[in-house]
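Down below is the structure, laid out as structure tokens.
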Amino acid sequence: METLTIKTPADVLSFIGHTLGFWPQESLVCITLDTNHIGVTLRVDLPKHDGGERAYARTVAGYLANDTNATSALFAVYTSAAPTGGQDKPYAAVIAALTGALAERHITIRDGLLVGDETVSPYDDDPRLDRALPLSMVDSSEINAELVYRGSAVARTGRITLPPSNKESAFHAVEDRVKSIGQCHDHSAIEKARTLWAGILEAKTYPTDDQTIALIANFQFAAIRDQLMADIPGVDGPMEQILLAQTPGKPQWTRVEWAQQILLHAYTHKSTHHSAPLLTAIGYINWWEGRGSKAHQYMQLALEADPGYRLAKLSDQLLSYGMLAGWNRD
């Protein structure tokens, strides 16, 4: 593909939207740079309370420092908040703390944008100059046109929308398969599940209803679930290292994305009683891919389906600590 050149604020916002897949809200977005080459793009929620700016800034700077080639960074503050005190920009203390935290890591801030509900302006501008530009210009930016042409799209929000489930009648079929699997007292159940899962992942079409029911049933067993999740990335290593994205081998990302589509397809065939393991696995996939906000949403949906589902509860705690998947540190 041809190299994309970012020239204007509209291009920056277009790039951010297409990279994240959605338009950020109440967010800080940072992009690392090495000379004129873009590195990583990071989105985090803006802090909801005053007083923790330094800790927040150190966390953000720590994430960005994983790009060892970064020498500078751009940032954009997306917020509906208006300037305070006449001239103070929203989250000025956060940006000041971030500037210092990045400087400690030899990364300078090259530029910043303040993105409101309808306008965008340079963050360090004097508000009295009123150099705000309408957000509508993003639609006509060269970057947006090129990325749309390449098949990309930007959702209005980062909220996930699950496909409708209309197969409550599959409850008994899944339960019957669960009972059958539960009667196996050796490793044959895991091996049969892995064989089924491998065939589904290697196929180019969605599984049959019978295969889907078997897959849902297999995910109801913790030991089988963990093994099937570890089989998704297609990398070698201990199960624990794969699940925590700590292997040196690079995942087969097209395989990972296909696994997510299959699990979403399975979700449409399950009853609410069986959905927590599927949603948790999809949450892991999103975490592996660097989509922490969506991973959190999937864990929450899993807990809505089964408030006592332990893996979803522990995984959501891990996400709340801000832990990045190891594969996203490259």
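The values are calculated or read from the model by the stated rules, or taken from the named source; none is laboratory data. Predicted model only: the values in this text are computed from it and were never measured. Using ideal geometry, Cβ is built from the backbone for each residue, glycine included, and neighbour counts are taken over all protein chains shown. Areas reflect the complete protein model, heavy atoms only, side chains present, ligands, DNA and RNA absent. Shrake-Rupley method; radii C 1.70, N 1.55, O 1.52, S 1.80 Å.
Of the residues Ala93, Ala73, only one is of a type in the set (A, V, I, L, M), over 19 Å from Thr19 (Cβ atoms) and open to solvent by less than 70 Å² (accessible area, probe 1.4 Å); which?
On the way: Ala73 fails: over 19 Å from Thr19 (Cβ atoms).
After ruling out the rest, the residue left standing is Ala93.
When restricted to residues that are open to solvent by less than 40 Å² (accessible area, probe 1.4 Å) and touching a strand residue (DSSP E or B) at 6+ places or on another chain (Cβ under 8 Å), the stretch 152-167 contains 1. Against the criterion of being among the aliphatic types (A, V, I, L, M), open to solvent by 20 Å² or more (accessible area, probe 1.4 Å), in a helix (DSSP H, G or I) and over 19 Å from Phe171 (Cα atoms), Leu264 does not qualify.
Within the stretch 1-95, considering only strands (runs of 3 or more DSSP E) that don't extend past its boundaries, which have at least 1 residues that are modelled with pLDDT under 90?
On the way: elements: 27-34, 37-45, 72-78.
In the stretch 1-95, 37-45 are the strands (runs of 3 or more DSSP E) which contain 1 or more residues that are modelled with pLDDT under 90.
Just one of the numbered conditions (1) closer than 14 Å to Pro277 by Cα; (2) outside any helix (DSSP H, G or I); (3) acidic (Asp, Glu) is not true of Asp236: (1).
So, of the residues in the stretch 99-115 that are touching a Leu at 6+ places or on another chain (Cβ under 8 Å) and open to solvent by less than 40 Å² (accessible area, probe 1.4 Å), which turns out to be farthest from Asp67 (Cα to Cα)?
Taking the stretch 99-115 first, the residues touching a Leu at 6+ places or on another chain (Cβ under 8 Å) are 102, 105, 107-113, 115.
If we keep only those that are open to solvent by less than 40 Å² (accessible area, probe 1.4 Å) as well, we get 102, 107, 112-113, 115.
Numbers: Leu102: 12, Ile107: 10, Gly112: 19, Leu113: 21, Val115: 25 Å.
In this case the residue turns out to be Val115.
Here Tyr149 fulfils each of the conditions (1) exposed (fewer than 12 other Cβ atoms within 10 Å of the Cβ); (2) over 28 Å from the mean Cα position of the chain (by Cα); (3) among the hydroxyl-bearing types (Ser, Thr, Tyr) apart from (2).
Assess whether Lys250 counts as being open to solvent by 60 Å² or more (accessible area, probe 1.4 Å) and of a type in the set (D, E, K, R). Judged against the criteria, Lys250 is a match. Pairs linking a residue in the stretch 297-311 that is in contact (Cβ under 8 Å) with a residue 60 or more places away in the chain and assigned to a helix (DSSP H, G or I) to a residue that is of a type in the set (D, E, K, R) and buried (at least 18 other Cβ atoms within 10 Å of the Cβ), with Cβ atoms under 8 Å and 6 or more positions apart or on different chains, are Leu311/Arg225.
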